[in-house]
1. Please identify the pairs in which a residue from the stretch 42-69 that is closer than 14 Å to T94 by Cα has its Cβ atom under 8 Å from the Cβ atom of a residue that is of a type in the set (S, T, N, Q), counting only partners at least 6 apart or on another chain.
2. Within the stretch 119-128, does at least one residue satisfy the condition of being among the charged types (D, E, K, R), surrounded by fewer than 20 Cβ atoms within 10 Å (Cβ to Cβ) and either free of Cβ contacts under 8 Å to residues at least 24 places away in the same chain or touching a Cys at 6+ places or on another chain (Cβ under 9 Å) (or both)?
3. For the stretch 42-77, give me each residue that is in a loop (DSSP other than H, G, I, E, B), hydroxyl-bearing (S, T, Y) and surrounded by fewer than 16 Cβ atoms within 10 Å (Cβ to Cβ).
4. Residue check, M17 against (1) at pLDDT below 90; (2) surrounded by 11 or more Cβ atoms within 10 Å (Cβ to Cβ); (3) in a loop (DSSP other than H, G, I, E, B); (4) of a type outside the set (G, A, S), all met but one. Which one?
5. Taking the condition of a type in the set (D, E) and either under 9 Å from the mean Cα position of the chain (by Cα) or crowded, with 18+ Cβ neighbours inside 10 Å (or both), does E149 pass?
6. Confirm whether Y87 is within 12 Å of the chain's Cα centre (by Cα) and either in a strand (DSSP E or B) or surrounded by fewer than 17 Cβ atoms within 10 Å (Cβ to Cβ) (or both).
7. I'd like the full set of residues that are in a helix (DSSP H, G or I), among the small types (G, A, S) and either at pLDDT below 95 or in contact with a helix residue (DSSP H, G or I) (Cβ under 8 Å, 6 or more places away or on another chain) (or both), limited to the stretch 105-155.
Amino acid sequence: MRRLARTVSLSAASAVMVAAGGCGGDSYPTAPADTVSPSTSSGPPVDGGTFASPLLLVDALNKGGVACTGYEAIVQPRGAIARGRCYVAGEEYTVGIYASAEEARAQPGSMAELLRGVSPVDIVLGQNWTVGCPDQPACGKVAAALGGEVFHEDA
């Protein structure tokens with residue numbers, strides 16, 4: 001089952017993730033009555049904005065309170081302009097920059113197809129970037145720091 005959730009920042013320490021599930025196709029976000037529309041003046045842009053490089057994305061994660069260290073570029077990134085990895089509390093996060101929003105939005109589906117039956121997929125999507133996280137709670141923290149949408153698909 002594919003799930004696409006919009007994460008909204010209520011404070012720096014918390015995020016509300018809302019998921020709309022469905023079978024056989026993409027699902028679109030819906031919000032329960034108790035969510036609050038985030039303000040771009042008090043937090044990250046709802047759509048995650050754009051980044052020119054993985055290093056700038058990692059810098060924004062760090063400024064947002066997600067300490068991503070030990071950055072390493074990934075040589076010849078498939079499907080991305082640039083990609084790298086960094087580590088948060090020993091867990092690997094993959095950061096990617098894409099030529100267009102369409103290419104960024106294609107990444108979660110490609111990963112889900114590749115890993116179907118093997119591993120769940122947890123990714124945060126911005127306008128031209130993605131951050132691959134170890135799990136949904138980690139992606140919630142990334143989305144609280146950067147904005148964007150959380151994508152989850154079970155193995």
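1. C68/N62
2. no
3. The answer is S42, S53.
4. With (1) at pLDDT below 90; (2) surrounded by 11 or more Cβ atoms within 10 Å (Cβ to Cβ); (3) in a loop (DSSP other than H, G, I, E, B); (4) of a type outside the set (G, A, S) applied to M17, the lone miss is (3).
5. Against the criterion (of a type in the set (D, E) and either under 9 Å from the mean Cα position of the chain (by Cα) or crowded, with 18+ Cβ neighbours inside 10 Å (or both)), E149 qualifies.
6. no
7. Once the filter is applied, which keeps residues that are in a helix (DSSP H, G or I), among the small types (G, A, S) and either at pLDDT below 95 or in contact with a helix residue (DSSP H, G or I) (Cβ under 8 Å, 6 or more places away or on another chain) (or both), the stretch 105-155 yields A106, G109, S110, A112, A145.
The values are calculated or read from the model by the stated rules, or taken from the named source; none is laboratory data. Everything numeric in this text was worked out from a predicted model, so none of it was measured. Note that we place each Cβ from the backbone using ideal geometry, even for glycine, and neighbour counts take in every protein chain shown.
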